Amino acid sequence: NLRDFTKHFGKIVSTCKSTTYKILLQMGKVLQKLKMKGELRFKIFDHTADIGVCGFGKTEEEAFSNTALGMFSILADLENVRQDEMIEIRASGVDKEELLVNMLSELLYWRTTKGYIFSKFFVELSGSSVKVCCLGEKIKEYHELKLEIKTVTYHFIKIEKKKDGWETRVIFDV
């Protein structure tokens, strides 16, 4: 898990010592802000009685990651979410749309039943499956919770390659 996390920053760490892990988390936060500065990662839109997210990325994996980030920004204010824990989730689907819905549904499961809130996602797509390394923590009293999402829908779902990257669209039942 730590190797998957660190490869995004061009480093290989063979052991998971708590000090090394904390330094890598801080580096990740700084690099994420620098990398995404001035770039739109996601946008939230209203859809009748529901709410949706469009995720953007240079790669399909980055668009999936930013869609997850958009979903969690609907659920809570992510500014105070510490990235103290790393959870790995997996999902599969017969096509990319089902894969995205199943990935987001699995993340929503971790939020609603296990009480986790995530603020960073590393997505690896491989054929009909996806692996997501999520950074976050259990919900605490200092978190500002927002809307509750009931389910991820297939209504108007879209995953599209554009000339400048990838775009996803998904609608949530709230």
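A few comments on the model shown:
- Three-way shape call for the range 112-174 based on the alpha-carbon gyration tensor, with the a/c threshold at 1.5: prolate
- Carbon + sulfur, % of accessible area of the range 47-174 - ligands and nucleic acids excluded, 1.4 Å: 49
- Estimated distance in nm for a label pair at Lys146 and Leu78, the labels positioned 7 Å out from Cα along Cα-to-Cβ: 1.0
- Amide H contacts of Arg82 (H built 1.01 Å from N, under 5 Å, at least 5 apart or other chain): none
- Three-way shape call for the range 45-140 based on the alpha-carbon gyration tensor, with the a/c threshold at 1.5: oblate
- Centre-to-centre, using Cα atoms only, the range 68-119 and the range 122-142 are separated by 6 Å.
- Model label zone, Ser105; criterion: amide N under 19 Å from point 7 Å along Cα-to-beta-carbon; scope the range 54-83: 64-65, 67-69, 71-72
The values are calculated or read from the model by the stated rules, or taken from the named source; none is laboratory data. Here the structure is a predicted model, which is why all the values come from computation and not from measurement. Virtual Cβ from ideal backbone geometry, glycine too; neighbours counted across all protein chains shown. Accessible surface areas use protein heavy atoms only, side chains included; no ligands, DNA or RNA. Shrake-Rupley method; radii C 1.70, N 1.55, O 1.52, S 1.80 Å.
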